[in-house]
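Asks: Pasting in a structure now, in structure tokens, and then I'll have a few things to ask.
The values are calculated or read from the model by the stated rules, or taken from the named source; none is laboratory data. Owing to the predicted nature of the structure, the values given are computational and were not obtained by experimental measurement. Note that we place each Cβ from the backbone using ideal geometry, even for glycine, and neighbour counts take in every protein chain shown.
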Amino acid sequence: MTAKKMIVIGGGPGGYVAAIRGAQLGASVTVIESNKIGGTCLNDGCIPTKALYKSASLYHAMTETAQFGIHVDGFRLDMAGVQGHKQQVVGTLVDGVAALLKANRIDVISGKAHLMSNRQVAVSTPEGETTVLSADGIVIATGSEPMMPPIEGIDLEGVVTSEQILKFDFVPKKLTIIGGGVIGMEFAGIFNAFGSEVTVVEFADQILGQLDAEIVKRYAVQAKKQGIAIHKQTKAKQIRKLENQALVCTCEGKKGDFDIESDQILVSVGRIPRIRALNLDEAEIKYSLKGIEVTEHFETNQAGIYAIGDCNGKTMLAHAASHQAIEAVDHFMGVSHEHSATPIPSCVFVNPEIASVGLTEEALKESGIAYLKSKFMFGANGKALTMGEGEGILKVLSDKDGVLLGVHIMGPHASDLIHEATLALHQALDVNAIKGMIHAHPTLSEAFHEAVLGLKGEAIHLA
Ligand code: FAD
């Protein structure tokens, strides 16, 4: 029997995972990538930001070593070195993905793809040639791009996107960030730690809008202490350049208009699916401004054509793209799956870290679900105190019977701690299931155990 042919458009965490899964299941796979293998995640997103986050955290930590009895004299920030570390990590991972594709006998073509029909894809190579490829199945995984709001002066030099700020080999004295979502707040934390005077302008009445409000409120207090200025319910209206090259952003706030002067402005107001160049109309694939429309198997309205990751606009996270890749390719290859609502954890790499899974307290209230709530403060966790990171909270929400519905963390290693909670939600575990599980001491994970015990008033270390 001849192998099924599969074309994957885009080599990010959606596309490369789809390609490898297809090869594992016996398909003959071609990946078409117009830029760099690894996509936004490896080259311009998750990984480079976390490399900068590490440098920024370390630089900040150098100012706090005295509490551990270590006195450090004469350290300094070297942004070329910071960029070097970032590039080395990105390079290692991109090479790793390229090696994985090769090991799985996946063809990789450099070029820009668009659909010709529901079984044909045209590829324009950098050399100017166009080739037409045919397949039994096509996976669209073209990701997303920054949204640029219609603000006068947005195209001035010094007004940058996340992709450009990632390459800064200097620390702006003053940095304004338009948009206090995850990307904006991560850069706010990074450049604040590097020494920039950071001001965030957020249109909504809460930064990090999708997160549990109590966690965000507590984080906002920390951000303020760190010196990050945040203007909520404020709209950036116009940007202009002064003779001394400074950028002035005129904002409309609760009490009227005001100006913010800075050296650089980051625009991070959200991302839009990258689907314009795909010829979707010609291929009669349904889409909207939010992305390509898909079924629960991530199949479009054209059988055999799938759309995964940021381009379908469902959940713009790398791990969601990779999960959707497996679901889509398994469906295409006839591997059946049981479908349940899989909880998707999300993390924000600020100081302290934030991580979240499941429903927020606001969502529970809005949908009228009766719930129990318990919190544990990291200030009462021995491990956190030894680390000098006692600031933070772990909040657990369950239904009236104690089945976990949401877990929200601000604290040390929140991005790792969230996975025990994610497993609990994934398996619909209740208080009793977690109660009897022994958590090692002294660990940060004890905070989760204690918070869960607290749902039924049984926590030992809660006052
Ligand atoms: P992408 O990774 O964008 O890959 C799409 C690929 O398709 C690209 O390589 C592109 O060049 C290629 N392509 C596009 N059009 C064509 C075409 N016509 N022909 C051929 N190739 C094409 N997510 C997290 O989970 N954790 C994080 O910490 C995190 N941090 C982020 C930080 C920043 C600054 C940004 C911008 C994003 C971050 N994200 C994070 C989001 C994450 O990067 C995306 O959700 C993820 O990359 C989506 O994967 P994808 O495969 O759908 O698309």
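Asks: Which ones in segment 378-389 are in contact (Cβ under 8 Å) with a residue 24 or more places away in the chain and either hydrophobic (A, V, I, L, M, F, W, C) or closer than 16 Å to residue 440 by Cα (or both)? Write out each step before concluding.
Replies: Applying the first criterion (in contact (Cβ under 8 Å) with a residue 24 or more places away in the chain) to segment 378-389 yields 378, 380-384, 386-389.
Selection gives 378, 380, 381, 382, 383, 384, 386, 387.
Asks: Criterion first (under 23 Å from residue 165 (Cβ atoms), crowded, with 18+ Cβ neighbours inside 10 Å, out of contact with any strand residue (DSSP E or B) (no Cβ under 9 Å at 6 or more places or on another chain) and among the β-branched types (Val, Ile, Thr)) does residue 92 satisfy it?
Replies: Working: under 23 Å from residue 165 (Cβ atoms): yes; crowded, with 18+ Cβ neighbours inside 10 Å: no; out of contact with any strand residue (DSSP E or B) (no Cβ under 9 Å at 6 or more places or on another chain): yes; among the β-branched types (Val, Ile, Thr): yes.
Taking the combined requirement at face value, the residue does not satisfy it.
To keep it simple, each residue is scored yes or no on (1) surrounded by 16 or more Cβ atoms within 10 Å (Cβ to Cβ); (2) over 12 Å from residue 350 (Cβ atoms).
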residue: 194; (1), (2): yes, yes
residue: 198; (1), (2): yes, no
residue: 206; (1), (2): yes, yes
residue: 216; (1), (2): yes, no
residue: 222; (1), (2): yes, no
residue: 225; (1), (2): no, yes
residue: 233; (1), (2): no, yes
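Asks: Please list, ordered by first then second residue, the pairs with beta carbon atoms under 6 Å, 6 or more apart or interchain, first in segment 209-224 and part of a loop (DSSP other than H, G, I, E, B), second surrounded by 15 or more Cβ atoms within 10 Å (Cβ to Cβ) and charged (D, E, K, R).
Replies: 212/361
Asks: Might you let me know whether segment 57-74 holds any residue that is modelled with pLDDT of 95 or more, within 14 Å of the ligand (Cβ to nearest atom), at negative phi and of a type in the set (S, T, N, Q)?
Replies: Scanning segment 57-74, I find no residue that is modelled with pLDDT of 95 or more, within 14 Å of the ligand (Cβ to nearest atom), at negative phi and of a type in the set (S, T, N, Q), so the answer is no.
Asks: On to the next question. Just checking, how many residues over segment 101-127 are part of a helix (DSSP H, G or I) and within 15 Å of the ligand (Cβ to nearest atom)? Spell out how you get there, then give the answer.
Replies: Within segment 101-127, the subset part of a helix (DSSP H, G or I) is 101-103.
Narrowing further to those that are within 15 Å of the ligand (Cβ to nearest atom): 101.
Selection size over segment 101-127: 1.
Asks: Still on this structure: Here are some conditions: (1) hydroxyl-bearing (Ser, Thr, Tyr); (2) over 28 Å from the mean Cα position of the chain (by Cα); (3) within 11 Å of the ligand (Cβ to nearest atom). Residue 130 meets all but one. Which one does it not meet?
Replies: Unmet condition: (3).
Asks: Restricting attention to segment 321-359, which residues are more than 15 Å from the ligand (Cβ to nearest atom), closer than 18 Å to residue 404 by Cβ and either part of a strand (DSSP E or B) or among the hydrophobic types (A, V, I, L, M, F, W, C) (or both)?
Replies: Hits for segment 321-359 are 341, 358, 359.
Asks: Quick one: is residue 430 of a type in the set (D, E, K, R), over 28 Å from residue 55 (Cα atoms), more than 20 Å from the chain's Cα centre (by Cα) and surrounded by 17 or more Cβ atoms within 10 Å (Cβ to Cβ)?
Replies: Working: of a type in the set (D, E, K, R): yes; over 28 Å from residue 55 (Cα atoms): yes; more than 20 Å from the chain's Cα centre (by Cα): yes; surrounded by 17 or more Cβ atoms within 10 Å (Cβ to Cβ): yes.
So residue 430 passes the test.
Asks: Can I ask one more? If you check residue 23 against the conditions, is it without any contact (Cβ under 8 Å) to a residue 60 or more places away in the chain and of a type in the set (Gly, Ala, Ser)?
Replies: On the way: without any contact (Cβ under 8 Å) to a residue 60 or more places away in the chain: no; of a type in the set (Gly, Ala, Ser): yes.
In short, no.
Asks: Mind listing whichever residues of segment 7-37 are of a type in the set (A, V, I, L, M), within 15 Å of the ligand (Cβ to nearest atom) and either in a helix (DSSP H, G or I) or over 18 Å from residue 310 (Cβ atoms) (or both)?
Replies: The first filter runs over segment 7-37 and keeps only residues of a type in the set (A, V, I, L, M), leaving 7-9, 17-20, 23, 25, 27, 29, 31-32, 37.
After this cut, where a residue has to be within 15 Å of the ligand (Cβ to nearest atom) as well, the list is 7-9, 17-20, 29, 31-32, 37.
Passing the criteria: 7, 17, 18, 19, 20, 29.
Asks: Moving on. Please verify whether residue 157 is at pLDDT 95 or above, part of a strand (DSSP E or B) and of a type outside the set (S, T, N, Q), treating the condition exactly as stated.
Replies: Details: at pLDDT 95 or above: yes; part of a strand (DSSP E or B): no; of a type outside the set (S, T, N, Q): yes.
When the stated conditions are applied, residue 157 does not pass them.
Asks: On the given criteria, is residue 316 modelled with pLDDT of 95 or more and within 8 Å of the ligand (Cβ to nearest atom)? Quick ask: steps written out before the conclusion?
Replies: On the way: modelled with pLDDT of 95 or more: yes; within 8 Å of the ligand (Cβ to nearest atom): yes.
It is true that residue 316 is modelled with pLDDT of 95 or more and within 8 Å of the ligand (Cβ to nearest atom).
Asks: Just for strands (runs of 3 or more DSSP E) wholly inside segment 239-297: which have at least 3 residues that are more than 14 Å from the ligand (Cβ to nearest atom), among the acidic types (Asp, Glu) and surrounded by fewer than 17 Cβ atoms within 10 Å (Cβ to Cβ)?
Replies: Values: elements: 247-253, 256-262, 264-267, 271-273.
Per the criteria, 256-262.
Asks: Right, something else. Quick one: residue 185 ticks every box in (1) under 29 Å from residue 397 (Cα atoms); (2) away from the ligand (no atom under 16 Å from the Cβ) except a single one, so which number is it?
Replies: (2)
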